[in-house]
There are 2 protein chains.
Amino acid sequence: MPKKSARKPLKPKAPVVRPERARHGRNRTGHLIDVLRERIAKQEAAPGAKLGEVELSLEFGVPRTQVREAFSALEQRGLIERIPNRGAIVARLDPAHVFHIYDTREVLEGACVRLATLNVPKESWQDLLDLFTGPMQRYVEKNDFDAFLTGYAQFRQRSIEAAGNPVLAQMLDSIYEKTQVLIYRIIILPGRAQQGLREHIAVLEAMRRGDADAAEALRRENMRSAKACLRNFQKYVL
Amino acid sequence: MPKKSARKPLKPKAPVVRPERARHGRNRTGHLIDVLRERIAKQEAAPGAKLGEVELSLEFGVPRTQVREAFSALEQRGLIERIPNRGAIVARLDPAHVFHIYDTREVLEGACVRLATLNVPKESWQDLLDLFTGPMQRYVEKNDFDAFLTGYAQFRQRSIEAAGNPVLAQMLDSIYEKTQVLIYRIIILPGRAQQGLREHIAVLEAMRRGDADAAEALRRENMRSAKACLRNFQKYVL
DNA sequence: GAAAACAAGATTGGTTACAGAATTGTTGCC
DNA sequence: GGCAACAATTCTGTAACCAATCTTGTTTTC
């Protein structure tokens, strides 16, 4: 308890409490990491493409050391490969790795819908169910893949959000950023969009019923189906 | 009094040992990352402890830029937190996060034993089953936790190896390096070692029978049991 | 005597410069 | 004409340096 009485400020006192403590949340390096992640995921940087340090430092106007730190982080995530004294290249994914990814994704996506079903009232899935049984059907019929993928992203985002598990979310992100490239190739395979839609509707119906176990089982079945499709057309997409 | 004294000796030549080392395998930074990971997992660096850049660069004889790159990678993994202008500290894990980790670990460990059971001949699990029904029982009775954990690590390593899925292995590692700290606290909880041993024997028996589904279900039940134990004694271990 | 104000030290963040290695282009030889 | 050795350029890896900020210790004032 300060026994101070009637203290005179005596000075403007530079009220710089904490103006911009940490800039805008993340460090500048964090932003660079996000941009490169997105660029790799969107295939703007093809697998095997060389990532020059000076090139990126000039493009983003950041020092080369920051590019280097970003490379270190991306290497840990498995998105790039660094060869000593030869630079960094975008990681190429071999088919075996893709199948391993799908085996892992199966259980993670299953857990995601299970937790989501348990955590939120079952009525909250009605709008997504309406979306998938209505507009999404037409998107598939008209081969409007962009709209279809947008709806799919909604389902994905809502599920992760409802699951409320940041650890699970991070792992699904880690997988998603590696397979996003493939989605554009899988979706155009004959009959895949239709089957995927049917399976998603089944999952959503289970979630709408509040049946978490069924939702998990159906989601896992959906992942196995996607993997099987991928295997059937392996020579065309991988 | 600013004693603007003589400048730093500036290290005349001091040619560092010829780094012909950086050719095979990983970069020197990769090694530093591994060492720090292990140090954090083994609790040699307590949560909240400060990690000095110059301190580590001197200890390992690596340039400070490499320490920073390692920090960037470890931050991506969630093992440390970097506060602008204040350095890096070992990440502290809050209870909610631990439970999220266990929920995620449940499905991953389940998938691991399922794949392991499917991939290798069931007879290959006999030695582990003998270990768990024989010596491990005595370790528990004698409270020889070191020997117990060694056997547990064997089970873990063999399962991951047999599963043959590097993606899954990486995610389990990511989880393991965060929870290893807790294992030493859980294992000493009353009755936990006994129950964990019983559950592991049940899992191994299922694997010995070649029953992958049962092994997965039992392993998941084991994880839920561990989580429940953690919740019961939350105030003591977290 | 206590709290605020001030100053000095220490640490991190970011920039520049230099050495080593690899790729590439050139030239000479077979 | 092709191949090999060599030189030049480019790029990575490392080091040193400067600036900004936080921490700590001291002083001043009420």
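Of the residues that sit in region B:44-74 and are of a type in the set (Ser, Thr, Tyr) and within 11 Å of chain A (Cβ to nearest Cβ), which one is farthest from the chain's Cα centre (by Cα)? Residue satisfying both the conditions and the ranking: B:65. For region B:84-113, filtering for residues that are modelled with pLDDT under 90, outside any loop (DSSP other than H, G, I, E, B) and facing chain A (nearest Cβ under 8 Å) leaves 0.
Tell me which residues, restricted to region B:120-131, are surrounded by fewer than 20 Cβ atoms within 10 Å (Cβ to Cβ) and not aliphatic (A, V, I, L, M).
If the condition is that a residue be surrounded by fewer than 20 Cβ atoms within 10 Å (Cβ to Cβ) and not aliphatic (A, V, I, L, M), then B:121, B:122, B:123, B:124, B:126, B:127, B:130 are the ones that fit.
From the list A:98, A:67, pick out the single residue that is farther than 30 Å from residue A:207 by Cβ and among the aliphatic types (A, V, I, L, M). After applying the criteria, what remains is A:67.
Provide a single number: the residues in region A:54-72 that are near DNA strand D (Cβ under 8 Å from one of its atoms) and among the aliphatic types (A, V, I, L, M). Outline the logic, then answer.
Of the residues in region A:54-72, the ones near DNA strand D (Cβ under 8 Å from one of its atoms) are A:54-55, A:64-65, A:68, A:71.
Right, trim to among the aliphatic types (A, V, I, L, M) and you get A:54.
Residues meeting the conditions: 1.
Given the criteria among the hydroxyl-bearing types (Ser, Thr, Tyr), part of a helix (DSSP H, G or I), assigned by TED's automatic domain parsing to the domain that holds residue A:131 and at pLDDT 90 or above, does residue A:184 qualify? Steps first, answer last, please.
Values: among the hydroxyl-bearing types (Ser, Thr, Tyr): yes; part of a helix (DSSP H, G or I): yes; assigned by TED's automatic domain parsing to the domain that holds residue A:131: yes; at pLDDT 90 or above: no.
Against the criterion (among the hydroxyl-bearing types (Ser, Thr, Tyr), part of a helix (DSSP H, G or I), assigned by TED's automatic domain parsing to the domain that holds residue A:131 and at pLDDT 90 or above), residue A:184 does not qualify.
Exactly one residue out of A:108, A:58, A:51 is in contact with a Phe, Trp or Tyr (Cβ under 9 Å, 6 or more places away or on another chain) and either within 16 Å of DNA strand C (Cβ to nearest atom) or open to solvent by less than 40 Å² (accessible area, probe 1.4 Å) (or both), and it is A:51.
Give region A:132-146 a look and list any residue that's open to solvent by less than 30 Å² (accessible area, probe 1.4 Å), in contact (Cβ under 8 Å) with a residue 12 or more places away in the chain and not β-branched (Val, Ile, Thr), or say none. Working first, answer last.
Going residue by residue through region A:132-146, those that are open to solvent by less than 30 Å² (accessible area, probe 1.4 Å) are A:132, A:134, A:136, A:140.
Then keep just the ones that are in contact (Cβ under 8 Å) with a residue 12 or more places away in the chain; that gives A:132, A:136, A:140.
Hits for region A:132-146 are A:132, A:136.
Being in a helix (DSSP H, G or I), under 15 Å from the mean Cα position of the chain (by Cα) and at pLDDT 90 or above is a property that holds for residue B:170. What do you reckon, is residue A:99 buried (at least 18 other Cβ atoms within 10 Å of the Cβ) and in contact (Cβ under 8 Å) with a residue 12 or more places away in the chain? Answer is no for this residue. Mind checking which pairs have a first residue in region B:47-59 that is over 14 Å from residue B:70 (Cβ atoms) and a second that is more than 14 Å from DNA strand D (Cβ to nearest atom), Cβ under 6 Å, 6 or more apart or different chains? That search, which allows pairs on different chains as well, returns B:47/B:90; B:47/B:92; B:48/B:92; B:49/B:90.
Pick from region A:95-115 the residues that are hydrophobic (A, V, I, L, M, F, W, C) and within 17 Å of the chain's Cα centre (by Cα): which of them is farthest from residue A:210 (Cα to Cα)? Let's see the steps before the verdict.
First pass over region A:95-115, keeping only residues hydrophobic (A, V, I, L, M, F, W, C): A:96, A:98-99, A:101, A:107-108, A:111-113, A:115.
With the extra rule that they be within 17 Å of the chain's Cα centre (by Cα), the set shrinks to A:98, A:101, A:107-108, A:111-113.
Numbers: A:98: 32, A:101: 28, A:107: 19, A:108: 19, A:111: 14, A:112: 14, A:113: 11 Å.
The qualifying residue farthest from residue A:210 (Cα to Cα) is A:98.
Residue count for region A:40-65 satisfying the condition of being assigned to a strand (DSSP E or B) and out of contact with any helix residue (DSSP H, G or I) (no Cβ under 8 Å at 6 or more places or on another chain): 1.
The single condition among (1) assigned by TED's automatic domain parsing to the domain that holds residue A:186; (2) within 20 Å of the chain's Cα centre (by Cα) that residue A:130 does not meet is (2).
Out of A:138, A:156, one residue alone is more than 14 Å from chain B (Cβ to nearest Cβ) and modelled with pLDDT of 95 or more. It is A:156. Got at least one residue in region A:147-170 being open to solvent by 20 Å² or more (accessible area, probe 1.4 Å), aromatic (Phe, Trp, Tyr) and closer than 30 Å to residue B:77 by Cβ? Looking for residues that are open to solvent by 20 Å² or more (accessible area, probe 1.4 Å), aromatic (Phe, Trp, Tyr) and closer than 30 Å to residue B:77 by Cβ, one finds at least one in region A:147-170, hence yes. Comparison of A:92, A:86, A:77 shows that the only residue that is among the basic types (Lys, Arg) and under 17 Å from the mean Cα position of the chain (by Cα) is A:77. For residue B:217, the conditions (1) farther than 18 Å from residue A:111 by Cα; (2) of a type in the set (A, V, I, L, M); (3) touching a residue at least 40 places away in the same chain (Cβ under 8 Å) are fulfilled apart from (1).
The values are calculated or read from the model by the stated rules, or taken from the named source; none is laboratory data. Just so it is clear, the model here is predicted, and its values are computed rather than measured. Heads up, the Cβs are rebuilt from the backbone with ideal geometry, glycines too, and the neighbour counts pull from every protein chain shown. Calculation scope for accessible area: heavy atoms of the full protein, side chains included, ligands and nucleic acids excluded. Shrake-Rupley method; radii C 1.70, N 1.55, O 1.52, S 1.80 Å.
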